[in-house]
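Some notes on the structure that comes next.
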Amino acid sequence: MRIFKFLLFSTLALAFVLALNFPIQDYPALGKLLSPTHGFWQNGETETDLESERIIVTAIKDEIEIYFDEHLIPHIFADNEADMYFAQGYVLGKYRLWQMDFITRAASGRLSEIVGPATLDMDRNTRRQGMMIGAEASLKEMMRDPYTEEMVNAYTEGVNAYISSLTFKDYPIEFKLLGYEPEPWTPLKSALLLKYMADNLTGTDKDFENTNLVQALGQEVFDLLYPDFYPKEYSEPVISKTKKWDFSPVKVTKPDVIFPSIKKDSIIAQSNPDNGSNNWALSPLKTKDGHPILANDPHLGLNFPSIWFMIHLNSPGQQSMGVTLPGALGVISGFNESIAWGVTNATRDVRDWYKIEFKDESRSEYAFDDKWLKTQKYIEEIKIKGEESFFDTLITTHYGPVVYDKNYKSESEKANYALRWTAHDPSNEQKTFLMLNKAKDYDDYVEALSFYQCPAQNFVFASKSGDIALTVNGRYPIKWENQGKYVMDGSQSAFEWSNFIPYEHLPREKNPPRGYVSSANQHPHNAEYPYYFYDPFTSDYRNRRLNALLEEKERLTVEDNKRIQTDNYNLMAQEYVQLLLDSATIANQKGEAKNIAVALSNWNYFNEVGSKEASYFEVFQHFLLGNLWKGLGEKVDAAYYRPAKLQSYLLLKEDSTLGFAPNTSFRNRDALVKESLAQTADSINNWIAKYEMEPKWADFKNTSITHLARIAPFGMEGVNVGGNKDILNATSSSHGASWRMVVEMRNKPEAYGIYPGGQSGNPGSTFYDNLTEKWARGEYLSLNFSSSPSDYRLNFLKRIEFKPEN
């Protein structure tokens, strides 16, 4: 049945790809593609795909055994680290080759080579933001370290050993549909993969929007609408809000400068602000059985093939298990015999924009204090499938690349803006994960994190010995107040980053008295932290709900932690509904709007799959906030963004006359609510008429998992799952928990994990999407963790043996 379904979907996928992506002259060679002995028919899964293999290779020193369990999780046993990472590279190539190729093409601005002109702007954006600059700088740093160099080269050899074994019939189906061949893997591609994640997690800023806003509103109104911190009763920072900072900070003096006056409307595409995560660790005093428990669930875009790949690595001195990113070495979120670790995105602004003044039309020099500095120019050739290449002139300054200029999304020839971003700097994040995989205790954890720079992450930690910790880790520039919040003048050295926060001054917490550490993309620390903090993308609801649940019970079990990860309580809805829909307001409504108001006021605030109230609130808050801030957009008349949902709530709570809302057309809060409820009723009725069903939350939300190349038949719609952004189970229509893990650090760790999708990247495989329904139901796999290969020899799905060539 599976192979029939795959062949049907492959035929549909072929029609889809041809119709949407290729002009007629660029169709793949149909004879070869449709050949029953070489074409897409060969990608259907058969029993031979699970047969054991014995492979002789020259690149290894000793024999390697790999046992795949019932979920296709590989358990790799090698006699040395280099061979272990060779095997990891081979396995990831075998099951995720096209994904690895596609992501690193995206990270290097090369999608147009295989897709065509539809991705030209994306490729230009990627190259202009300096993704390759960052990858090449990081590669040099990685290769400077002999240990990292050896392991990365071994991984590369493993991927290429698999690629070299392929003929056309073996290619993943996407290569056949898109009509191209896999390239050899290189260490640069591994560096690009890490920069792809840096862009995914830190590739956002609001410098231009903030500049437009403050110029239109004035500083006082801007500060009211966009505060750096919230009142303490609404504040639950990553590091305990009672934390005292016992170090002497590096001093920074705010210069007497004026930010440049600009107005900008066209902004480059940026990473999705829904990207986020939850993690926490409980000390032995907070757990029922007296063992530390660690939990992690990164929230990213929901894609097929799955973002993550579960793996178990064994070599002398190392046994680690969890998930890896295809293209990266080691386990990224997981555990070993001694410690467990996990990551969430750390909110902090590490991208700043500088207005550049060129000396003349040649753009060979730019102003800097009382002199002219020379630029560097590069001609980038972007190859385009079916068309002539596009050539783009890129200019770099000492800040970084000039992204906006007369050739790209600039309002005038004089509007030139360069990007300063920590992702451009030399770094060796790969070493951090290599070391964590072998770490034994807290000191090893701290040493491993010292190599980590970008994307900034909250690294949570728990050890078998009973320690728990959390570090807001990254390379953060030391800034004076408001530096980097607005576009800066690149002709003045006073606006430059002067230094970075010392590693020992990073926000960090070990074994706090409350018995837990946690993060959910909120403010990293209290307002007393001695370094300036700014980020416009902090989460304001998940963190408060998470800490409330962690404090609700004196001692928690593994099952309690699983329930927290899948908790569907909507704290935002609770606060807004209780503020806005009192009995007097409800009585003032009519017809269906009143029915919706009554339903919301009686709701338990859980976004469960069958909840109609969850759908009502989603539409209501959409219209409410849209109506509230409509006048703001009209006043700014350029790129802007709305105040945060929590700040909007606090303003509505403080001032029912809406005196804070620029250009508002509503006389008061009740009028705003009445109009928003009426619009909600109309929208819900239109939805019911269109789909001929009740607006139950899972149907209304329509969570979808999209194929990376947007090949619709290889994706999935209508996943039956609750939650939403701003909820601990942060599953929206396209984002969600890309991996859930709970680990109890017993003498032998007990771990559970799940992600949407499956281990295989082949749409024709049983293991392509087989975990999705379990994930949606909040179920977990028990992760089989043993250091002895004999524990797998009697019960495995597939086995691969590698032998060195004599």
Trp603 meets each of (1) in a loop (DSSP other than H, G, I, E, B); (2) touching a residue at least 24 places away in the same chain (Cβ under 8 Å); (3) more than 30 Å from Arg667 (Cα to Cα) with one exception, condition (3)
Flagged in the range 258-297 as assigned to a loop (DSSP other than H, G, I, E, B), among the hydrophobic types (A, V, I, L, M, F, W, C) and open to solvent by 30 Å² or more (accessible area, probe 1.4 Å), in numbering order, are Ile258, Phe259, Ile267, Ala269
Notebook entry, point to check: Got at least one residue in the range 306-318 being assigned to a loop (DSSP other than H, G, I, E, B), on the phi > 0 side of the Ramachandran plot and touching a Pro at 6+ places or on another chain (Cβ under 8 Å)?
Noted result: no
Filtering the range 565-598 down to residues that are crowded, with 21+ Cβ neighbours inside 10 Å and of a type in the set (Gly, Ala, Ser) yields Ala573, Ala593, Ala597
Note on the range 362-377: residues closer than 20 Å to Arg128 by Cα and in contact with a Lys or Arg (Cβ under 9 Å, 6 or more places away or on another chain) are Arg363, Ser364, Glu365, Tyr366, Thr375, Lys377
Tyr378 vs. criteria open to solvent by 30 Å² or more (accessible area, probe 1.4 Å), under 34 Å from the mean Cα position of the chain (by Cα) and within 26 Å of Gln270 (Cβ to Cβ)
yes
Within the range 698-724, the residues that are open to solvent by 30 Å² or more (accessible area, probe 1.4 Å), in contact with a strand residue (DSSP E or B) (Cβ under 8 Å, 6 or more places away or on another chain) and not in a loop (DSSP other than H, G, I, E, B) are Asp699, Thr706, Met716, Glu717, Gly718
query = Yes or no: Glu365 among the acidic types (Asp, Glu) and either in contact with a Gly (Cβ under 8 Å, 6 or more places away or on another chain) or surrounded by fewer than 17 Cβ atoms within 10 Å (Cβ to Cβ) (or both)?
reply = yes
The one condition Asp207 fails out of (1) touching a helix residue (DSSP H, G or I) at 6+ places or on another chain (Cβ under 9 Å); (2) charged (D, E, K, R); (3) modelled with pLDDT of 95 or more is (1)
Among strands (runs of 3 or more DSSP E) completely within the range 407-519, the ones holding 2 or more residues that are in contact with a helix residue (DSSP H, G or I) (Cβ under 7 Å, 6 or more places away or on another chain) and buried (at least 18 other Cβ atoms within 10 Å of the Cβ) are 457-463, 468-473, 516-519
By residue number, the members of the range 333-346 that are assigned to a loop (DSSP other than H, G, I, E, B) and open to solvent by 10 Å² or more (accessible area, probe 1.4 Å) are Glu337, Ser338
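Within the range 755-763, is even one residue over 26 Å from Asp101 (Cβ atoms) and either in contact (Cβ under 8 Å) with a residue 24 or more places away in the chain or buried (at least 22 other Cβ atoms within 10 Å of the Cβ) (or both)?
Filtering the range 755-763 down to residues over 26 Å from Asp101 (Cβ atoms) leaves none.
Within the range 755-763, not a single residue is over 26 Å from Asp101 (Cβ atoms) and either in contact (Cβ under 8 Å) with a residue 24 or more places away in the chain or buried (at least 22 other Cβ atoms within 10 Å of the Cβ) (or both).
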Query raised in the report: Condition test on Asp170, is it of a type in the set (Asp, Glu) and open to solvent by less than 30 Å² (accessible area, probe 1.4 Å)?
Result: no
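When you look at Ala614, is it among the aliphatic types (A, V, I, L, M), in contact with a Gly (Cβ under 9 Å, 6 or more places away or on another chain) and part of a helix (DSSP H, G or I), yes or no? Steps first, answer last, please.
On the way: among the aliphatic types (A, V, I, L, M): yes; in contact with a Gly (Cβ under 9 Å, 6 or more places away or on another chain): yes; part of a helix (DSSP H, G or I): yes.
For Ala614, the condition - among the aliphatic types (A, V, I, L, M), in contact with a Gly (Cβ under 9 Å, 6 or more places away or on another chain) and part of a helix (DSSP H, G or I) - is met.
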Filtering the range 538-562 for residues that are over 30 Å from Arg642 (Cα atoms) and in a loop (DSSP other than H, G, I, E, B) leaves a count of 4
A careful count of residues in the range 381-390 that are within 29 Å of the chain's Cα centre (by Cα) and on the phi > 0 side of the Ramachandran plot gives 0
Scanning the range 632-643 for residues that are assigned to a loop (DSSP other than H, G, I, E, B) and open to solvent by 40 Å² or more (accessible area, probe 1.4 Å), the one nearest to Thr585 (Cα to Cα) turns out to be Arg642
The one condition Gly327 fails out of (1) farther than 26 Å from Lys479 by Cα; (2) open to solvent by 10 Å² or more (accessible area, probe 1.4 Å); (3) not in a strand (DSSP E or B) is (2)
What do you reckon, is Asp62 in a loop (DSSP other than H, G, I, E, B) and surrounded by fewer than 24 Cβ atoms within 10 Å (Cβ to Cβ)?
yes
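Return the total of residues in the range 663-695 being open to solvent by 60 Å² or more (accessible area, probe 1.4 Å) and under 27 Å from Leu628 (Cα atoms). Full working, then the answer.
Residues of the range 663-695 that are open to solvent by 60 Å² or more (accessible area, probe 1.4 Å), as a first pass: 663, 665, 667, 670, 674-675, 682, 685-686, 689-694.
With the extra rule that they be under 27 Å from Leu628 (Cα atoms), the set shrinks to 663, 665, 667, 670, 674-675, 682, 685-686.
Summing the residues that are open to solvent by 60 Å² or more (accessible area, probe 1.4 Å) and under 27 Å from Leu628 (Cα atoms) in the range 663-695 gives 9.
The values are calculated or read from the model by the stated rules, or taken from the named source; none is laboratory data. These numbers were taken from a predicted model, which means no experiment stands behind them. Glycine gets a Cβ as well: all are built from the backbone with ideal geometry, and neighbour counts include every protein chain shown. What goes into the accessible areas is simple: the full protein's heavy atoms, side chains included, and nothing from ligands, DNA or RNA. Shrake-Rupley method; radii C 1.70, N 1.55, O 1.52, S 1.80 Å.
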